[in-house]
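Working notes for the structure below.
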Amino acid sequence: MNTHDLAAFIAVVDSGSIVQAANKLHLTQPAVTRRVQGLESLLGVQLLDRQSKPLRPSAAGREVYRKGRQMLEAESELMTSVNPATEPAGELRLGMPPYLADMMLATPVDRLRECFPRLSLRIQSTWSPGLTAAVENDMLDAAVVGFADGSTPPSSLVAHPFSRQPIRIVAAPSLGLPTRSDLRRLSGFSWVLSQNGCGMRSVLRRTMEASNLSFDVTVEAVGSELQLSLVARGAGVGMVTADLLERSNYRDRLKVLQVADFRTDVVGWLAYRPLPPRLEAPVALLLEELKKLPIASRF
């Protein structure tokens with residue numbers, strides 16, 4: 001189907017006149033007539049009641065008009081979606097891990113909304129392995145993820161590092177653990193950690209299991225502040241990034257342990273598949289804002 005013929009028919013219905021449609025489309029009247037007749041020939045139906053003044057669509061013409069407008073609108077959306085000069089619009093599906101959600105939902109997201117008001121954000125919060133899988137499967141457009149030092153997002157994704165944070169092992173002084181410790185000593189205590197799926201919990205578990213050490217998680221909790229409050233009350237040993245520990249209300253009630261055989265950093269990445277043009281500028285701005293966060297100063 002020639003969309004120019006469809007546009008001519010819709011212009012005639014909108015204006016009620018071949019003459020006015022020709023003026024609107026910057027065509028001659030015979031050219032508009034030929035286009036409408038070509039569409040009628042293709043569909044095998046009469047689209048206009050040519051006895052009415054102004055011109056009105058026939059019963060079949062009303063259906064073609066309604067669906068034709070939808071087709072032309074879809075065509076316009078398709079053309080603008082791949083035009084890098086077009087103002088970003090539509091939906092940006094963004095993922096982030098729970099420990100970054102508070103910071104991410106502040107300045108970076110505010111800047112996205114400020115700079116791209118026609119862009120709607122749909123934000124999902126879960127752990128990094130699930131987020132990278134969602135990006136790979138086109139369920140998310142981009143995700144902020146954290147990986148232990150030495151690991152990276154899948155090679156199928158475009159990934160930019162923006163922060164590096166050391167992991168701190170913490171405990172309440174009441175547990176009696178020495179500042180200098182090792183995993184064997186810690187294996188005699190239970191842990192307060194995030195749920196299964198947390199990348200750093202997985203690294204710790206694998207490290208301890210590789211040394212045939214027991215790994216017992218007493219409490220699973222979402223959110224570093226809740227975890228640290230439990231650790232401070234002696235519920236178990238905890239693990240947290242340095243920046244979150246510094247900002248915690250419980251930092252003065254915790255002892256930071258120097259664990260000789262478990263020293264690692266978590267690296268923050270912005271990961272995404274090759275982007276459609278409409279999302280290139282928003283994702284570039286997001287990366288720029290991530291690099292300005294306090295956690296990025298140590299990268």
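Below, the figures for the structure above:
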quantity	calculated
Rounded FRET efficiency, nearest 0.05, which uses the C-beta distance separating HIS26 from ALA59 and R0 of 35 Å	0.70
Residues of type lysines that LYS67 reaches as a straight line, Cα spacing below 23 Å, ignoring anything fewer than 8 places off in the same chain	LYS24
Crossing angle, helix 3-15 versus the chain [Cα axis fit, 0-90 degrees, rounded to tens]	70
Per residue solvent-accessible surface (Å²) - the chain, probe of 1.4 Å	51
Label-point separation, VAL19 to ASP110 (7 Å along Cα→Cβ), nm	5.9
Computed FRET value (nearest 0.05) for ALA260 with LEU72, which takes r as the C-beta separation and R₀ as 45 Å	0.10
Virtual spin-label span in nm between THR3 and THR33, 7 Å along Cα→Cβ	2.8
Residue-wise HN-Hα coupling along the stretch 40-45, computed from phi with Karplus coefficients 6.51, -1.76, 1.60 (Hz; x: Gly, Pro)	4, 5, 5, 7, x, 9
Stretch gain in nm, segment ALA284-ASN249, where the contour uses 0.36 nm per residue and the Cα spacing is subtracted	9.2 nm
Shape box of the chain [Cα atoms, principal axes, largest first, Å]	97, 33, 32
Förster radius 41 Å - calculated FRET efficiency between GLN51 and VAL222, Cβ distance, rounded to 0.05	0.05
ASN196-ARG233 pseudo-label distance in nm [points 7 Å out on the Cα-to-Cβ vector]	2.6
Proximal aspartates and glutamates to LYS291, defined as alpha-carbon separation beneath 20 angstrom and excluding residues fewer than eight positions away on the same chain	ASP102, ASP110, GLU114, ASP141, ASP149, ASP243, GLU246, ASP265, GLU280
Accessible surface of the stretch 148-259, 1.4 Å probe, proportion on carbon and sulfur as whole %	44
Average projection area in nm² (convex hull over Cα atoms of the stretch 116-247, one quarter of hull surface)	10.0
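The values are calculated or read from the model by the stated rules, or taken from the named source; none is laboratory data. Every value quoted in this text rests on a predicted model; they were computed, and no experiment measured them. So basically every Cβ, Gly included, is an ideal-geometry build from the backbone, and we count neighbours across all protein chains shown. We work out accessible area using only protein heavy atoms, side chains counted, and drop any ligands, DNA or RNA first. Shrake-Rupley method; radii C 1.70, N 1.55, O 1.52, S 1.80 Å.
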